[in-house]
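The values are calculated or read from the model by the stated rules, or taken from the named source; none is laboratory data. Computed from a prediction, not measured in an experiment: that's the story for all the values here. Heads up, the Cβs are rebuilt from the backbone with ideal geometry, glycines too, and the neighbour counts pull from every protein chain shown. Remember, those area values only see protein heavy atoms, side chains included, never the ligands or the DNA or RNA. Shrake-Rupley method; radii C 1.70, N 1.55, O 1.52, S 1.80 Å.
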Amino acid sequence: MLPAKTPTEASGFKALLKNKYFIFLWTGQVLSQIADKVLIVMSIALLTSYNVPVKYAASSSSYLMVATTIPAILFGAAAGIFVDRYPKKKIMVLADLVRGSLILLLPILPREFIVLLIITFIISTVTQAFAPAEQSAIPLVVRPENLLTANALFATSSTASIIIGFAIGEPLLTAASNINKYAGQEILLASLYFIAAGLGQLVKVQ
């Protein structure tokens with residue numbers, strides 16, 4: 001249950017900043033979405049170290065984009081129905097844990113192009129459930145009078161995360177690779193999802 005509202009309680013953006021459960025949810029969203037974009041950068045970079053069949057070499061990046069996009073077309077609508085039937089918090093936390101775990105599998109799996117495509121496809125499929133669960137969770141941690149501000153903040157941060165993710169992706173992954181050439185990139189990216197999962201676990205919903 002949401003805490004009782006006091007007569008002096010602020011509204012709008014100021015109230016959101018005082019709502020720790022919203023802060024947990026919002027921060028987790030930012031980390032997850034940045035990780036989603038950095039994953040695209042990392043997947044394209046990994047192509048240089050993967051065994052890509054000659055006939056796919058020229059368009060390998062395009063195939064990765066297709067593997068990322070198809071789940072949204074196939075499962076986007078169904079994901080909303082799925083989310084309505086199960087607890088939003090559990091879906092968000094599980095989605096982040098699954099995505100982080102799949103990324104950690106990359107260094108130990110065969111470096112074959114098909115493997116990278118499959119992992120990318122599965123991660124994108126899991127993301128289709130995460131997004132509507134997150135949106136549905138906002139009204140569960142924010143009061144009705146602050147919902148418009150909360151949705152606006154989520155929309156703004158979503159756009160900003162896309163820009164930030166692509167902007168910092170390459171230098172961030174390069175730094176991680178310099179620290180650990182074997183799996184530094186994967187550990188860094190998985191850590192973002194795991195931190196987001198931890199923050200999601202701290203959120204209390206109705």
Helical contribution to [θ] at 222 nm, DSSP H n ≥ 4, -39,500 (n - 2.57), averaged over the chain, rounded to 500: -27000 deg cm²/dmol
For Lys89, Lys181, the accessible-area ranking with a 1.4 Å probe, largest leading, is Lys181, Lys89
Amide hydrogen neighbours beyond the local backbone of Glu112, cut-off 5 Å, H modeled: Asn51
Just to confirm my numbers, what's the Cα centroid distance between segment 63-83 and segment 144-160 in Å? 23 Å
From the backbone phi of segment 86-100, what are the Karplus-calculated ³J(HN,Hα) couplings (6.51 cos²θ - 1.76 cosθ + 1.60, θ = phi - 60°) in whole Hz, Gly and Pro given as x? 10, x, 4, 4, 5, 5, 4, 5, 5, 4, 5, 5, 5, 5, x
Between helix 20-46 and the chain, what is the angle of the helix's C-alpha long axis to the longest principal axis, kept within 0 to 90° and rounded to the nearest 10? 10 degrees
Please report the net charge: other residues with Cβ closer than 14 Å to the Cβ of Ala176, K and R +1, D and E -1. -1
Leaving out ligands and nucleic acids, and using a 1.4 Å probe, what accessible area per residue does the chain come to in Å²? 52 Å²
With charges set only on the Cβ (+1 for Lys and Arg, -1 for Asp and Glu), what does the dipole of segment 19-200 come to about its Cα centre, in debye to the nearest 20? 200 debye
Whole-Hz ³J(HN,Hα) from phi, Karplus 6.51 cos²θ - 1.76 cosθ + 1.60, for segment 48-60, glycine and proline x: 5, 10, 9, 7, 9, x, 4, 5, 9, 4, 5, 10, 4
